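Down below is the structure, laid out as structure tokens.
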Amino acid sequence: MDDFRFEQLDIWKDSIAISDILFDYAEKADAKKFFRFAEQLRAAGMSISNNIAEGSGSFSNKEFASFLNIARRSDFECVNILHIFERRKIITVEEKLVIRNQLLTLSKKITSFRKTLI
């Protein structure tokens, strides 16, 4: 069976694993009736993996690098939302720190991979 290019990328695999945790946190927000916050976190989390996947189908490295930039910015958006979640007591400080560190590592990996393309 042939794979899509993105399915072999560690940054995509990492983003999918992180999105599982982000979706769990979004469910916590839903339970506290912070529905828009939850939806925003889901969207930002999916944007990371979606842009890695979509960009991998580009015909040029420059275009792929542009999609990776969007993925990285969505990573930052997730961190911002997590700070708000922690302040609103949707998640604990410890929960925020665990996923924040994973998002920081992912951001660095995306940046490093992007540099290989340009």
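The condition (being surrounded by 16 or more Cβ atoms within 10 Å (Cβ to Cβ), at pLDDT 95 or above and on the phi < 0 side of the Ramachandran plot) is satisfied by just one residue among Phe64, Phe76: Phe64. When the residues of the range 5-59 are filtered to those that are under 19 Å from Arg114 (Cβ atoms) and aromatic (Phe, Trp, Tyr), the one that is surrounded by the most Cβ atoms within 10 Å (Cβ to Cβ) is Trp12.
Somewhere in the range 26-34, is a residue touching a Lys or Arg at 6+ places or on another chain (Cβ under 7 Å), within 26 Å of Thr111 (Cβ to Cβ) and assigned to a helix (DSSP H, G or I)? Checked against the condition, which is being touching a Lys or Arg at 6+ places or on another chain (Cβ under 7 Å), within 26 Å of Thr111 (Cβ to Cβ) and assigned to a helix (DSSP H, G or I), the range 26-34 yields at least one hit.
Determine whether Glu77 is assigned to a helix (DSSP H, G or I), closer than 17 Å to Ala29 by Cβ and in contact (Cβ under 8 Å) with a residue 60 or more places away in the chain.
Numbers: assigned to a helix (DSSP H, G or I): yes; closer than 17 Å to Ala29 by Cβ: yes; in contact (Cβ under 8 Å) with a residue 60 or more places away in the chain: no.
In short, no.
Taking Ile84, is it surrounded by fewer than 18 Cβ atoms within 10 Å (Cβ to Cβ), farther than 24 Å from Glu7 by Cβ, under 18 Å from the mean Cα position of the chain (by Cα) and not basic (Lys, Arg)?
Considered against the rule, which asks whether it is surrounded by fewer than 18 Cβ atoms within 10 Å (Cβ to Cβ), farther than 24 Å from Glu7 by Cβ, under 18 Å from the mean Cα position of the chain (by Cα) and not basic (Lys, Arg), Ile84 comes out as yes.
What do you reckon, is Phe23 part of a helix (DSSP H, G or I) and over 9 Å from the mean Cα position of the chain (by Cα)? Yes; evaluated as a whole, the condition is true for this residue. In the range 92-118, the residues that are in contact (Cβ under 8 Å) with a residue 40 or more places away in the chain and more than 27 Å from Lys28 (Cβ to Cβ) form Cβ pairs under 7 Å with partners that are among the hydrophobic types (A, V, I, L, M, F, W, C) and part of a helix (DSSP H, G or I), at six or more places apart or across chains, as follows: Phe113/Ile11; Phe113/Leu68; Arg114/Ala65; Arg114/Leu68; Leu117/Phe64; Leu117/Ala65; Ile118/Ala65. If only residues of the range 87-118 that are of a type in the set (Ser, Thr, Tyr) and part of a helix (DSSP H, G or I) are counted, the one that is surrounded by the most Cβ atoms within 10 Å (Cβ to Cβ) is Ser107.
In the range 15-36, the residues that are in contact (Cβ under 8 Å) with a residue 12 or more places away in the chain reach residues that are of a type in the set (Phe, Trp, Tyr) and surrounded by fewer than 21 Cβ atoms within 10 Å (Cβ to Cβ) with C-beta atoms within less than 7 angstrom, at least six apart or across chains, in these pairs: Ala29/Phe37. Going by what's in this entry, would Gly45 be described as out of contact with any Gly (no Cβ under 9 Å at 6 or more places or on another chain), at pLDDT 95 or above and under 21 Å from Val98 (Cβ atoms)? Against the criterion (out of contact with any Gly (no Cβ under 9 Å at 6 or more places or on another chain), at pLDDT 95 or above and under 21 Å from Val98 (Cβ atoms)), Gly45 qualifies.
The values are calculated or read from the model by the stated rules, or taken from the named source; none is laboratory data. Fair warning: this is a prediction, and the values are worked out from it, not measured in the lab. Using ideal geometry, Cβ is built from the backbone for each residue, glycine included, and neighbour counts are taken over all protein chains shown.
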